[in-house]
Amino acid sequence: MANGKKKSKKKIIVLSIIGALVLIIAGLVIFGGNKEDIVLVQTEKASKRTITQVVSATGKIQPEFKVVITPEVSGEIVALPVKEGDRVTKGTLLLKIKQNTYLAQRERVAANLASARSNLSIQKIQMNKIESDFNRVRELYGKGLSSDAEIEAIRAQYETTKAQVQSAEASVQQAEASLKEASEQLAKTTILSPMDGIVSQLNVKSGERILGTGFTQGSNLMTVADLKKMEVVVEVDENDVVLISVGDTAKIDVDAYPDKKFTAVVYEIGNTAKAKGLGTQEEVVNFEVKIRILNSEVALKPGMSANADIQTETRIDVVTVPIQSVTTRMPKKDIAEKDDSNPAEESASSDKQSNANAPLRGKNEKPSEGVFIVQEGKAKFLKVKTGISDDTYIEIKEGLKGEEEVVSGSYRAISRELQEDSKVRVDNTQKRSGQKES
């Protein structure tokens, strides 16, 4: 009997302990489930400042004024008195092509012209004789001393000779035009510089044969450029090019001069898009923008890589917040809509129609843009209307007056965790110590 009582007592104790544990776990679940999460955030005051919107792009430096020299006639290069890097003035001899063929052609055309002029002289002499005979026969015909046949014969001979003279004159004009063309072809064998500048690129050597523009696009002989006036040509995305205007200032960073910044101004914006990767997911549409560099103190060379920060707009003394503070949230929906005036008269058909329209309303709803501020330990979502931005701050046109404590971090909290009336705890020690926000 004693052993049975001991076993019963042990059983009661074990069951009591298990029951107590169950009660403790149930209590933790009940009371712990009601505990609301507190979101750790960083804040920054909305303040007024001057903000400049910047569009950044990369490109290449090139001369603003340059001429690509291509020959208009073909032949062998017999003279090349310049080399790459030489400074030339307008009218300087750049290149001479062998002239033998073009000289022979001009002489042949000149001989044809001389022959045509001689033929014209003969025809004119004959015409003068026929004209005299025609006038004499016509006078005799008037006195009745010549027959109709005689007058008609001499008239036909006169008209024929007159036509032959006109044909000879046309032959002379044709020969003169051919001589002019041959002379121009001969003149094109000598190429002179069209402007003051530097031979920035030379692609041929003396003795090479080159093709004129009559054959496809001709040979690219050299480039003469004015290196005193340089520009940066950049490609800007279609979404950003609409922000840029002619006259906007820009700051240029050139890779070859990391310690210098160059001032520049936009002077031309392309109207034709340059598309890359057409028909693929990587399709990109850009527009070419030309930026003139002002008063460069160093010798910039064509082809150098450059980064341009184009200042498109500046706003002075406007309310701003950190860019990361602006987020979006879907507007709250009412679970049920009630008609307080006469709820009993709502029919089943109207309920069905309302339920049918609910998905449509959801599809048309758009997320609202806004910021979270901290009030009495809770997050409040305020709708805002934004303006321009720079790399750090964004302008708030409507929704804030300034001095509001705006949530600026962390990214996870702003983008996902925070909701209206979420409990928050502000900890700006990370921001002050320079630690990276999570």
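What follows draws every value from the coordinates through simple rules; no lab data is involved. Everything numeric in this text was worked out from a predicted model, so none of it was measured. With ideal geometry, Cβ positions are generated from the backbone for all residues, glycine too; neighbour counts draw on all protein chains shown.
Listing Val224, Val285 from fewest to most neighbouring C-beta atoms within 10 Å gives Val285, Val224. Model label points for Lys60 and Asn128, set 7 angstrom from Cα along the Cα-to-Cβ axis, are 6.9 nm apart. Local charge for Ile151 was computed over the other residues whose Cβ lies under 15 Å away, with Lys and Arg +1 and Asp and Glu -1, and equals -3.
Stretched out straight at 0.36 nm per residue, the stretch from Lys83 to Arg138 would grow longer than its current Cα-Cα span by 12.2 nm.
Other residues whose C-beta falls under 12 angstrom from the C-beta of Tyr257 contribute a net charge of -1, scoring Lys and Arg +1 and Asp and Glu -1.
One Cα centroid belongs to the stretch 142-186, the other to the stretch 293-323; the line between them spans 74 Å. Rg/Rh for the stretch 100-188 stands at 1.30; both radii use Cα atoms, and Rh follows the Kirkwood definition. 3J(HN,Hα) couplings calculated from phi for the stretch 249-261 with the Karplus curve 6.51 cos²θ - 1.76 cosθ + 1.60 (θ = phi - 60°) are, in sequence order, 7, 8, 10, 10, 10, 9, 4, 6, 10, x, 8, 10, 10 Hz; Gly and Pro show x.
Taking other C-beta atoms within 10 angstrom as a stand-in for reagent exposure, Tyr158, Tyr141 fall in the order Tyr141, Tyr158, fewest first. A Förster radius of 25 Å, combined with the Cβ-Cβ distance separating Ile323 from Lys378, puts the computed FRET efficiency at roughly 0.55.
Here the residues Met127, Met304, Met330, Met230, ranked from fewest to most Cβ neighbours within 10 Å of their Cβ, fall in the order Met330, Met304, Met127, Met230. Each label was represented as a point 7 Å from its Cα along the Cα-to-Cβ direction; for Glu282 and Ala299 these points are 3.8 nm apart.
Each residue of the stretch 105-122 was assigned a 3J(HN,Hα) from its phi angle through the Karplus curve 6.51 cos²θ - 1.76 cosθ + 1.60 (θ = phi - 60°); the sequence is 5, 5, 5, 5, 5, 5, 5, 4, 5, 4, 5, 5, 5, 5, 4, 5, 4, 4 Hz, with glycine and proline shown as x.
Simple spin-label estimate for Leu93 and Gln311 gives 5.2 nm between the two label positions (7 Å along the Cα-to-Cβ direction from each Cα).
Multiplying the residue separation of Lys385 and Thr263 by 0.36 nm and subtracting their alpha-carbon distance yields 40.6 nm. For the pair Glu398 and Leu211, a Förster radius of 60 Å applied to the C-beta separation gives a FRET efficiency near 0.35, rounded to the nearest 0.05.
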